[in-house]
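Below: one structure, written as structure tokens.
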Amino acid sequence: MTSDKYPETIEFEIDRDKLRKYLRTRAFLFWNILTFFGAFGNFINAIEDCEYSSKYDSILYITKGTLLGLLIGFCSAVILYFIFSHKCAKKTSDNLQIIVEGAFLRVVNKGYINTDRKIHFRALVDYTIMDGRLMRHFGLSVLAITTTGGGQQVPIRIIGLKDCQSVRQTLAEIDAIREI
């Protein structure tokens, strides 16, 4: 049996600034789907309403309608982003905590939905590091932790850990020692 060289309680560091920027960018991109729908809707509407005889006038009318739809969609996206997502991203990045408490891993995430999970190490099965194009742009990775008996349960996803590789290694070592 290996000796436990780790303290009873460890809190892992979160890169809050990068996480906040990532969450805000992701939310803004999500809300900008409205821009596409606004442009497409006005494009279709302009085609149906177009009664001009010359091609030039018709193209100008359809272009104006499409640009108006883009503008309305973009303004709606900006307003909805600031109403629903801007503060939530800050709250989420400021309140995320990953703590080892004895034989448990505690994941606290207080954002749009508050969660506080405390999972015994014997229930942890797999530690996976993932990233996407947007995450790489901000220098972030996701530590996805799979648990036993999860069924349809989604893995625990932790975004924004500083030095995600070493956190995964540390958690794997603690898991091997404390899962009993």
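The values are calculated or read from the model by the stated rules, or taken from the named source; none is laboratory data. Model, not experiment: these values are computed from the prediction. As a convention, Cβ positions derive from the backbone with ideal geometry for all residues, glycine included, and neighbour counts pool all protein chains shown.
Among the residues of segment 98-146, what is the count of those that are of a type in the set (Phe, Trp, Tyr) and at pLDDT 95 or above?
Selection size over segment 98-146: 1.
Checking ILE129 against (1) touching a helix residue (DSSP H, G or I) at 6+ places or on another chain (Cβ under 7 Å); (2) without any contact (Cβ under 8 Å) to a residue 40 or more places away in the chain; (3) over 19 Å from ALA172 (Cα atoms); (4) among the β-branched types (Val, Ile, Thr), which test does it fail?
Unmet condition: (3).
Scanning for something in contact with a helix residue (DSSP H, G or I) (Cβ under 7 Å, 6 or more places away or on another chain), within 20 Å of TYR6 (Cα to Cα), in contact (Cβ under 8 Å) with a residue 12 or more places away in the chain and of a type outside the set (Phe, Trp, Tyr), does segment 158-165 turn up at least one residue?
yes
Mind listing whichever residues of segment 20-34 are over 11 Å from THR92 (Cβ atoms) and either among the aromatic types (Phe, Trp, Tyr) or outside any helix (DSSP H, G or I) (or both)?
Within segment 20-34, PHE28, PHE30, TRP31, ASN32 meet the criteria.
Out of everything in segment 113-136 that is in contact with a Phe, Trp or Tyr (Cβ under 8 Å, 6 or more places away or on another chain) and loosely packed, with under 14 Cβ neighbours inside 10 Å, what residue ends up being farthest from LEU23 (Cα to Cα)?
LYS118
Can you go through ILE72, ILE44 and tell me which one is in contact with a helix residue (DSSP H, G or I) (Cβ under 7 Å, 6 or more places away or on another chain) and free of Cβ contacts under 8 Å to residues at least 60 places away in the same chain?
ILE72
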